[in-house]
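Each remark here refers to the structure printed beneath this line.
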Amino acid sequence: MKIPGNGAAGPALLLCLCAAALWSCQKTAPAQADQGRGIILGFSQIGAESAWRTCNSRSVQEAAAGAGIQLLFSNAEQKQENQIRALRSFIAYQVDVIAFVPIVADGWDNVLQEAKDAGIPVLVTDRKISVKDESLYAGFIGTDSVEEGRNAGRFLLEKFRDRLGGAEPVRIVEISGTVGSSPEVGRAQGFREVLAPYPQFQIVYSESGDFLRSKGYELMRDILDTRTDMDVIFSHNDGMVLGILDAVKERGLKPGVDVVIVTIDAEQAAIDALIRGEINCVVECNPNQGPEIMELALVLARGEKIERLIHVDERVFYEEEDLSALGPRGY
Ligand code: AHR
């Protein structure tokens with residue numbers, strides 16, 4: 001029986017799990033698993049908060065289908081409790097491997113202990129976790145959020161090199177991601193680390209927009225009601241920056257000219273805005289993690305170890321760069 005991967009939550013997952021329950025009674029021998037057939041992977045996704053996330057889900061689903069892996073895909077609709085429930089369902093159905101994107105870093109110890117007790121290896125993907133016992137999961141594959149934040153900071157050092165050592169401040173408004181998520185923590189950390197030696201870079205305001213376009217818009221609209229004393233807006237993702245651009249333009253300001261805009265993800269819409277001159281720098285966050293996740297899942301299903309930490313490749317896109325040869329981003 002083939003269990004289709006899908007992006008639906010709740011009932012769809014339940015259906016998949018029931019099918020898997022029947023199927024798992026006849027689970028195949030390790031030799032068959034070696035060929036990528038007969039493996040069940042339980043995957044808990046955060047939700048569909050951005051084009052980036054939708055692409056990440058698609059990458060997982062397509063790669064699973066390509067590898068012949070039975071995927072139980074659960075959409076947590078932005079709630080950690082839904083993710084924990086999904087992980088428990090995967091354990092109950094004795095999947096071969098669990099992979100998940102943790103919405104926040106903390107709060108996973110108990111459910112991961114349950115997975116460990118059940119002998120099910122766990123792969124953490126995209127976002128990192130913080131647990132007391134590192135042996136609770138097999139490894140991590142995903143993006144390097146700290147480096148992404150550093151890249152955003154490095155661009156500002158270059159952009160404002162004329163002001164380095166001078167008295168004129170560079171005032172930064174930061175719109176950050178979901179509070180307590182590893183990209184929110186890492187991007188803020190890397191950004192500050194690079195700018196810390198230069199006191200003229202001042203983060204004059206910082207607030208979370210939860211990685212959502214609607215919140216990016218609302219926050220920036222409200223901020224611009226009370227202040228325009230900013231030289232830079234640093235957005236932790238493209239979804240929020242698209243809302244920010246709308247709010248900035250509504251005020252009659254020119255984004256990219258009146259205020260420098262730096263963002264992370266490299267969705268097509270952000271690259272298009274970069275080319276139009278409305279964004280000054282886009283740091284890539286690579287969502288196409290599916291193929292590597294499947295390779296690692298196969299290794300784990302064979303009972304073998306994987307590297308503890310794998311970061312996917314990423315680059316930076318700058319203003320004035322010739323991007324005419326850049327292919328469609330796919331997200
Ligand atoms: O975890 C990666 C982040 O999550 C991406 O930057 C963002 O778009 C998504 O919501």
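Structure above, values below:
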| read-out | value |
| --- | --- |
| The chain: DSSP helices with Cα axial extent of at least 15 Å and average Kyte-Doolittle hydropathy no lower than 1.6 | 11-24 |
| Simple label model, 7 Å out from Cα along Cβ direction - residue 118 to residue 157, nm | 4.6 nm |
| Theoretical FRET efficiency, 1/(1+(r/R0)^6), r = Cβ-Cβ of residue 315 and residue 132, R0 30 Å, to 0.05 | 0.30 |
| Paramagnetic reach from residue 106 in region 175-189 [backbone N under 14 Å; point 7 Å along Cα→Cβ] | 179-182, 185 |
| HN-Hα J in Hz across region 131-137 - Karplus 6.51, -1.76, 1.60, θ = phi - 60°, x for Gly and Pro | 10, 5, 10, 5, 6, 6, 9 |
| Ellipsoid equivalent to region 225-321 - semi-axes via the Cα gyration tensor, in Å | 37, 13, 11 |
| Environment charge of residue 100, counting only residues whose C-beta is closer than 10 Å and scoring Lys/Arg +1, Asp/Glu -1 | 0 |
| Label-zone membership for region 219-238, site residue 204, 7 angstrom Cα→C-beta point, backbone N under 17 Å | 220-235 |
| Solution diffusion estimate, µm²/s, Stokes-Einstein, the chain, Kirkwood Rh from C-alpha pairs, 25 °C, viscosity 0.890 mPa s | 118 µm²/s |
| Selection of trypsin sites (Lys or Arg not before Pro), region 84-178, meeting DSSP coil and at most 11 other Cβ within 10 Å | 132 |
| Amide proton proximity set for residue 72, modelled H, under 5 Å, gap of 5+ | 41, 42, 43 |
| With at most 13 neighbouring Cβ atoms within 10 Å, loop GluC sites (Glu not before Pro) (DSSP) excluded, longest segment of the chain | 1-303 |
| Surface share of carbon and sulfur [accessible, 1.4 angstrom probe, percent] for region 145-285 | 48 percent |
| Set 215/249; 159/215; 128/159; 128/305; 79/305 screened for pairs whose C-alpha atoms are more than 21 Å apart | 159/215; 128/159; 79/305 |
| Extension reserve of the residue 167-residue 323 stretch, reckoned as 0.36 nm per residue once the Cα distance is removed | 52.7 nm |
| Å² per residue, accessible surface of the chain at 1.4 Å | 42 Å² |
| Dimensions in Å of region 101-213 - Rg and Dmax from alpha carbons | 17.8, 60 |
| Cα centre as origin, Lys/Arg/Asp/Glu Cβ charges: the chain dipole, Debye | 780 debye |
| For q = 0.14, 0.15, 0.16 Å⁻¹, Debye-computed log10 I/I(0) when each Cα of region 145-285 counts as one equal scatterer | -0.55, -0.64, -0.74 |
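The values are calculated or read from the model by the stated rules, or taken from the named source; none is laboratory data. As the structure is a prediction and not an experimental result, all values here were calculated from the model. Note: ideal-geometry Cβ built from the backbone for every residue, glycine included; neighbour counts use all protein chains shown. Accessible surface is based on the protein model in full, side chains and every heavy atom, while ligands, DNA and RNA are left aside. Shrake-Rupley method; radii C 1.70, N 1.55, O 1.52, S 1.80 Å.
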